[in-house]
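Enquirer: Sharing a structure, written as structure tokens. Questions coming.
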Amino acid sequence: MNLFVANWKMNKTRGEAAAYAREFGAILGERDPGVEIVLAPPFTALDAARDPSGRWSIAGQNVSSEAAGAYTGEVSATMLAEAGCRYAIVGHSERRRLFGEDAAILARKLARVREAGLTPIYCLGETEAEREEGLTATTLVSQVETLARDPSDRPLVIAYEPVWAIGTGKAATIEDAGSVRIHLSELLSDRRDVRILYGGSVTPENCRPLLEEARVDGFLVGGASLKASTFAAVAGVLRR
Ligand code: PGA
């Protein structure tokens, strides 16, 4: 089933999250959306963003690489699971770039996520410089290696997010997203259950061809997820 994840990043208070959840719930109505929807609010708003009737689930935007203990400011995978999360985002390029999260840390995070029974949404993608140097494939291979110890019989979500496309208004072309999707499927061919999402400047205007022609399994949406109606349009659940 296609999967649409709203990554709110550091946006929305609890009150704003609750208002969004009400509006999004009204858009969906009683029907089964026919797609899987996940909201990833800031930790403080996880509870406010939940849907009591289960039409969408919630995800942590980040998770600690440690299980518990003296790690001031961290939130563990167990805490996320207990707060009702089904997923945790691991390896978002903002975490890699702004907070120095390297492959070793990300592998530890993946392990904690699995121990807590959550499914990781593992983000990867090349920078503009890597792309210009023709290093896209090499970068993806090394980022996939971080999953080497992740159990291949468990469901996995990959989000291909080229760094140059995030928040820039410059989404990948259908050709680029499509060829990376094929490459990633090959790299992950030992997996029984993997969905490959695309992320980076996804909007209601550009999402259909990416879904239908690049044949990704859904999107990780930043800016366009901040308004309930816009995210609903991307997920294809807006009533006409
Ligand atoms: P964007 O962000 O949709 O605003 O480009 C995507 C992301 O960073 O997950």
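Enquirer: In the stretch 129-151, is there at least one residue being touching a Lys or Arg at 6+ places or on another chain (Cβ under 6 Å) and away from the ligand (no atom under 16 Å from the Cβ)?
Expert: no
Enquirer: Give the residue that is most open to solvent (accessible area, probe 1.4 Å), with candidates limited to residues of the stretch 112-135 that are in a helix (DSSP H, G or I) and without any contact (Cβ under 8 Å) to a residue 40 or more places away in the chain.
Expert: Only one residue fits best here, namely Glu132.
Enquirer: Quickly run through the stretch 189-203 and pick out the residues that are near the ligand (Cβ under 9 Å from one of its atoms) and either outside any loop (DSSP other than H, G, I, E, B) or crowded, with 19+ Cβ neighbours inside 10 Å (or both).
Expert: Matches in the stretch 189-203: Gly199, Gly200, Ser201, Val202.
Enquirer: Here is a further query. Which number in (1) open to solvent by 40 Å² or more (accessible area, probe 1.4 Å); (2) among the β-branched types (Val, Ile, Thr); (3) farther than 29 Å from Ala83 by Cβ marks the one condition that Ile105 misses?
Expert: (3)
Enquirer: If Ala172 satisfies all but one of (1) farther than 21 Å from Ile37 by Cβ; (2) more than 15 Å from the ligand (Cβ to nearest atom); (3) in contact with a Phe, Trp or Tyr (Cβ under 8 Å, 6 or more places away or on another chain), what's the number of the condition it fails?
Expert: Against the list (1) farther than 21 Å from Ile37 by Cβ; (2) more than 15 Å from the ligand (Cβ to nearest atom); (3) in contact with a Phe, Trp or Tyr (Cβ under 8 Å, 6 or more places away or on another chain), Ala172 comes up short only on (2).
Enquirer: Same structure, new question: Looking at the stretch 153-169, which of the residues that are away from the ligand (no atom under 16 Å from the Cβ) and touching a strand residue (DSSP E or B) at 6+ places or on another chain (Cβ under 9 Å) is most open to solvent (accessible area, probe 1.4 Å)?
Expert: Arg154
Enquirer: Do you know which residues across the stretch 156-190 are over 27 Å from Gly134 (Cβ atoms) and without any contact (Cβ under 8 Å) to a residue 40 or more places away in the chain?
Expert: Leu156
The values are calculated or read from the model by the stated rules, or taken from the named source; none is laboratory data. Just so it is clear, the model here is predicted, and its values are computed rather than measured. Backbone-built Cβ (ideal geometry, glycine too); neighbour counts: all protein chains shown. For the accessible areas, the whole protein counts, side chains as well, though only heavy atoms, and no ligand, DNA or RNA atoms are used. Shrake-Rupley method; radii C 1.70, N 1.55, O 1.52, S 1.80 Å.
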